[in-house]
Structure formats: structure tokens, C-alpha cells
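Notes follow the structure.
The values are calculated or read from the model by the stated rules, or taken from the named source; none is laboratory data. The model shown is predicted, which means the values in this text are computed figures rather than measured ones. Ideal geometry is used to build each Cβ from the backbone, glycine not excepted, and the neighbour counts take in all protein chains shown. The protein model used for the area step is the full one, side chains on, heavy atoms only, and it has no ligands, DNA or RNA in it. Shrake-Rupley method; radii C 1.70, N 1.55, O 1.52, S 1.80 Å.
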Amino acid sequence: MVTSPTTTYPKDLESLLETLPDLTPNDRNLIERAYNRAEQAHAGQIRKSGEPFFTHCVAVASILADLKLDAEAIAAALLHDTIEDNDNITYDDIRSEFGETIARLVNGVTKLAKLPIEQIGLESDENRTNRKIQREMEYFRKMLLTMDDDIRVVLVKLADRLHNMRTLGYMPEHKQERIAKETLEIFAPLANRLGIWQIKWELEDLSFRYLDNTAYRAIAKSLDERRQDREEYVSNMATKIRQELDNYGIRGALITARPKHIYSIYKKMSRKNLPLDQIYDVRAIRVIVAEQHECYLVLGIVHKMFRPIPGEFDDYVAAPKDNFYRSLHTAVLDDRGKTLEVQIRTWEMHEDAEFGIAAHWRYKEDRSSNDKAFEDRIAYLRRLMDVNETKDQDAETFMSRIKSEVFQDRVYAFTPQGDIIDLPVGATPIDFAYSIHTEIGHRCRGAKIHGALKSLNYKLKTGDQVEIVTAKRGGPSMDWLNEDLGYVKTHRARSKIRLWYRKQNREQHITTGRATLERVLKKLSLYDKVTFGSIADLIGYNKLENFLAAIGSGDMSSSTIIQRILDDEKKRQQENENLLKKHSLKTSSHVHNPDGSHGVNIMGTGGLLVNLAKCCSPALGDDIIGYVTRGRGVTVHRKDCTNMMSLMDTERLIDVSWGTVSEEQTYIVPIEIIAQDREGLLRDATTVIADERINIATVSVKTRQHIATISVSLEIVNNSQLTRILTRIETIPGVYETRRTKQRA
């Protein structure tokens, strides 16, 4: 039976229906039936706040009603907890009463709610098991893949999370922090990707309030204290701009103050290291006009009235953001030198900005044209997440890719033809090349940014015009997969490079892998001390050829090999302590030498002076042994030091190990750089070292027959830092080899 227009509704249902004035009688009846069914299902259930649980269902439905979603979504929001919280209500019950579509929406939200999501984004917690990590990442995969079926499931979930955040104050403090972190890392970025700014901003501000309440309150208080002055200032600016628009015949424009979002202001203060009074959009207005061409007219008028601030203009109309956001942004200085941000957009752009993908359900009378925009957005999301590809990926690979590419900020670079390439922040010309075409990526040999040659690990910026320099033939370099070198950011580029190497000749893979492994062992000063076979066994390969082929094809990275070797060295050091004790001084005490200890623990008597041997320059992470000298305490050597290996007087050996080391503790480590002698070689090497924030203790250069040998003593923190700097130096043009040496420069 269709509900009569004179029917009296409960107050909250009436308020909900008033938000949706264009509902048909059938739609109103559907929402009323869902309301009554949900109220009955949750009778007697209470929230942490002490309110009836059903108030949460109505609040979720009201959030979607504010977005003007359709009646099916509103009904599903009212019913979204009925299956989960009631053993006597099933999917079939909902389907028989409300139809297949609503039952599918409710069931989709229920499936998401049943999976553990409490620790998303906190994978490093020591108490977490691998199985739990997999389940949590699988949850997020399912939520994103749900978009491929009916994106309204995700919209209900976002509304559910928003109301939970609004009432988070009733939860225990430890849960507040965990849920807020999860919201800031997952749900707010998801709302942003869907273009729903209303939900995005509120989720961010609410999360920030619980994660850093001191900073939140400080900004909120400052904004509130200046509210009257700011509102008066913005009102005067709006009046001036409106008068000028009238003079140019642009009538009917809406000029309002732009809402202030505390987390956005905080991020700008942190990113630009500026105080609040120097953040441009604290004083901001929004101009909404009828037609797109009027946006640019308004921009010209504003720039004529006030002085534009260089570098603060963004044209998101010509080049929309990746979530289809369109608007003109500019910042100007008024006659008194105060900053003012101005956003200019049409009504259509405004609706898209506020409601994003939810705008599809707002205009039933114009659904045909809106369907095209909706399908474009869905196609974008599928392309962004590679839905078909990710169905076959393991959860860890999928989650890593989503975090690194989908939820990071984006940069927008241009081809020479003006096409926009959308990439994550930190992307390089190689990522750019692979995003255009796989073959262009394979044959990429250089890049021009605005006509100037840049290195292939250059970090692209929004607005960069990129021209890829390609070779006629050839393939990618193995160095591109080395994370320490920063050549590749995106999952797409990395997977394409690995695929290329897998397709190459196996013998070539083995040859390439052998050369790569040789370089790795030389960097670690292990080339003459271990066999390739022992390293293969350590990594878990039964056959050396398979191990070398994996390295050569890119399936096994140099950084992984180095880390496994260092971990094994540390483990063997602990296992060998008992064997070393028979050559050391006999005592049961274990004393940490706090003064001048260089972070070394000594087995034996305390109070001894500790010196690091100059002959082998041990550093944190090396296997070490102590030698008790006459009158000079304990000298610490590397175990592979030739002086120790040839030592006859073994009674003076003492067991030592690395202890707790302060962040300020550094070790002098000598290295050699073998390179073709050329102008600027030393400058290039020292620049790379300085970029890593490593201090140079000594440096000397010898040349012979156009070959330069640069001997440098570096103050490093640990072996990992040493390996990274050796790898980076080796990428300098003309450098043949870098290696750690035993004698200081």
C-alpha cells in the first residue's frame, strides 16, 4: 500500500524524508518500511553513549540523504546492521521483504563488518601474527573490490564510519586512537578518491582531534579568536569582488566564505613550516558562477584587483584532479598585504566537489547525461586499482600497491602534446614512461623536464612537461629495481621491469645475476670469504643457477640479499659467542662500558677503555672481537681483520658485541671509489655523500693512466647506511666500482 501524504511519521523519519523532497510515493513507502523493520530489529539494543542503537542507523541514513542518494541506498543504510546484529534475520528475509538489490547492499556491508579491521595501517605491531595481517589486508581488498559490484556498499560504509567518528568520544581512549588512525589512513583517503569532500574533510578533522588533540585545539582556538575579524574581512572582500563582477556583466554569482578545515590547515603548516597567519587559505572565499568560461573571467578580474602570489595558482578545470575535482585556485595579496585564497567554480563543479561519485543519484530527471560522468568515474576507479589484475594478487602485494599508489597524494605531469599523466608523489621519469607505454618504459634512456635533461631518478612535480628520450632497442636496467637508488616508484613500472627480465634468455639471467651478486659481496667486503652457493642456500635456493637467474631476472633484489646476509651475520655472531669464550678471559659478568664504549658490550671486567682498531675500522653490524692491550684497554677489531687472523697470542682475545647505540654514535669507515678521471668527479661524489647527510672525515685522490682512486673516510651510523651510500656512488657517471677498505684514508 502506498503511504498517504497525510501520514504522520516519527520525528526522525520525518526529518529524513524532508531531506529528500523529490521522492516518489513508492520511494517514501520503501524508506518507511525499512525504518520500521530496522527499529524493530534493534529494539532494546544500546550504544556506548547510552542511546538506542537504532539512532545510529537513522544517522547513517541521514548522512546519505544529505548526499541525496537514492531510496534503495537510504533503505540499505537503515537496515545495514540488521543481519549482523540479529541471529533471526537473514539475507533471504531482507530479500523477500525489500528485494534483491537492497538485500545485496545490506549483505555487502555485513560482509565488510565481519572482517577484522581494527589494526589496518599498524602492521608493525610486534604482537601481530602474519595470519592476522593477511586477514586485515584481505578486508581492505574486499572493500575496494566491492566497488566493482555496487559502489553504494562503500558509500554506506563511509557513512557508517562517519557517524562512529562523531560519537567516538564514548569509546575508551586506546580505541579512540586506533580507530582515528585507521580512519585517517584508510577511510578519509577513500572518500577523497571518490570525490566526496563533505565526508573527507569531516573524517580528517575528527581523526585529527583524537590523534593530536593539542594541535587540534590550538588551531581551532586561533581560528575562533580571529573569527569576527576574519568574517568581516571576507565580507568586505566579497562585496568588492561582487561590485567588480557586476561592472563586467557577471551577475548572479554566489560569493561565500570557504569553510575552514583544521586538518588541512595543519598539513599546510607542517608541509610549508609556516605559522597559521601565513597560511593562505585561512582567509578564503569561493565564487560560484553559471558557466565555465565565466570562471576564467572572474580569475582575470581578481588578478586585476589584487596582486597574485607566484606559485599559488592551480587550474583544476583544464587539468582536473584524479578524483575529477575541478576548480580554479589562486592566492592574492590585498592592498594591505594580507593573503586571500579564492576558489572559482561553476555550480556543476561545486556539486561534483561536494558530493563526488554520489552525485550520480542526485538528478533523476537528467540521469542520461549524468550516467556518462558516473561511468567515467567508475572506469577511473577500476583503472586506478586494476581490479581485474588485483583479483589474482596476494593480499600483501595488493595492500602495498594500494597504499603506495591509490592513497598517496598525486602529481600531474604533461607529455609534450599536453596529455596529463597522473602519478603518485615521488614518481620518476621512468614511471612516467611506463604509464604511457610499456615499450617506451623499456627503452627509456633519459628525460627532459621543460627541455632540460634530468636524471632518471628525478622526482616529478605537478606541472612538469616530460619528454622521454628512448633508444631504438634494448631493455630496462637492473638498477631500476634497486630501491636505494629511487628510480621507480609505481607498482606498474616495477612489475613491467621484472616481467621483461623474466622473458629474457636464462643464460643471460645467470650471467647478469652472477655479476650483480659479485658486486654485492664486494660492497660488503665478503667476496673472498663466502661462496655463491652458500648465499644461495641462505636465501633458500637449492640450486645456484636458479638463484642467479632470479637475481638476473629481477625477482630477487640486491637490497633483499644484503639484508639477509646482514641478518645472518648477526645470528652467527650470537651463535659463535660460546666458541669464542674458550679464547677469552674467564668470567661470568657481562658489563657494558658506558664511557667511551663506542656502543660495544664487553664480556669480562668493567671499566676498560674501548678503542676501535684503525687497521680494519669496525662499524655497527660488523662481526667483532676484542683484544686486551697493555695499558690501552680493549681494541675492537673486525673478526676478518688480517691482524686478528694471524694473531698468535690468543689469550688476550675477549668476547665483545654491539650493544645499545645512540643515534649520534658514528663510526669511521674507509671506502675506495674507482672511476674514470674527469672534471667534477670528486664534486659529484661528495655531493652524493652530503645528500645522505654523511660527514667526510678524510679524503684523498690518486690518479694513474686516467683512472682515479678516491679514498674517503666516512662517519657512518651502521652497515645499512654504508651499503646504501656505496650503491648510490656507483651510479655516478664514470664510476667503475665502490668498495669498503680496511685502511683509513
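Tabulated results
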quantity	calculated
Residue within segment 585-598 that is modelled with pLDDT of 75 or more, over 30 Å from residue 442 (Cα atoms) and crowded, with 16+ Cβ neighbours inside 10 Å present	no
Sole residue being among the acidic types (Asp, Glu), over 17 Å from the mean Cα position of the chain (by Cα) and modelled with pLDDT under 55, chosen from 464, 394	394
Any hit, segment 458-466, residues being over 12 Å from residue 430 (Cα atoms), open to solvent by less than 60 Å² (accessible area, probe 1.4 Å), in contact (Cβ under 8 Å) with a residue 40 or more places away in the chain and not small (Gly, Ala, Ser)	yes
Test: residue in segment 737-744 that is free of Cβ contacts under 8 Å to residues at least 40 places away in the same chain and buried (at least 19 other Cβ atoms within 10 Å of the Cβ)	no
Within segment 500-517, tally of residues that are part of a helix (DSSP H, G or I) and polar (S, T, N, Q)	4
Residue in segment 545-559 that is among the small types (Gly, Ala, Ser), farther than 30 Å from residue 505 by Cβ and modelled with pLDDT under 75 present	no
Within segment 684-727, considering residues that are over 33 Å from the mean Cα position of the chain (by Cα) and among the charged types (D, E, K, R), the one least open to solvent (accessible area, probe 1.4 Å)	702
Residue count, segment 315-352 (criterion: hydrophobic (A, V, I, L, M, F, W, C) and out of contact with any strand residue (DSSP E or B) (no Cβ under 7 Å at 6 or more places or on another chain))	3
One residue from 203, 162, 190, 245 being at pLDDT below 90, open to solvent by less than 30 Å² (accessible area, probe 1.4 Å) and in a helix (DSSP H, G or I)	190
Yes/no for residue 312 being in contact with a strand residue (DSSP E or B) (Cβ under 6 Å, 6 or more places away or on another chain) and open to solvent by 20 Å² or more (accessible area, probe 1.4 Å)	yes
Hits in segment 452-472 - residues which are more than 19 Å from residue 688 (Cα to Cα), in contact with a helix residue (DSSP H, G or I) (Cβ under 6 Å, 6 or more places away or on another chain) and part of a loop (DSSP other than H, G, I, E, B)	none
Selected residue (criterion: modelled with the highest pLDDT) from residues of segment 257-272 that are within 21 Å of residue 197 (Cβ to Cβ) and surrounded by fewer than 13 Cβ atoms within 10 Å (Cβ to Cβ)	270
Pick from segment 315-340, criterion open to solvent by 20 Å² or more (accessible area, probe 1.4 Å) and part of a strand (DSSP E or B), ranking: nearest to residue 419 (Cα to Cα)	315
Number of the exception - residue 672 against (1) acidic (Asp, Glu); (2) closer than 24 Å to residue 526 by Cα; (3) open to solvent by 50 Å² or more (accessible area, probe 1.4 Å)	(3)
Complete set of residues in segment 64-109 that are open to solvent by less than 10 Å² (accessible area, probe 1.4 Å), over 16 Å from residue 41 (Cα atoms) and part of a helix (DSSP H, G or I)	64, 65, 71, 73, 74, 102, 105, 109
Test result for residue 521, under 23 Å from residue 723 (Cα atoms), at pLDDT below 85, surrounded by 17 or more Cβ atoms within 10 Å (Cβ to Cβ) and under 20 Å from the mean Cα position of the chain (by Cα)	no
Failed item in (1) part of a loop (DSSP other than H, G, I, E, B); (2) closer than 19 Å to residue 160 by Cβ; (3) small (Gly, Ala, Ser), with residue 44 passing the rest	(2)
Residue ranges of strands (runs of 3 or more DSSP E) in segment 633-739 with at least 3 members touching a helix residue (DSSP H, G or I) at 6+ places or on another chain (Cβ under 8 Å) and under 26 Å from residue 561 (Cα atoms)	667-676, 707-716
Matching residues in segment 497-518 - criterion: being over 26 Å from residue 437 (Cα atoms) and modelled with pLDDT of 80 or more	510, 511, 513, 514, 515, 516, 517, 518
Failed condition for residue 480, given (1) over 23 Å from residue 321 (Cβ atoms); (2) modelled with pLDDT under 90	(2)
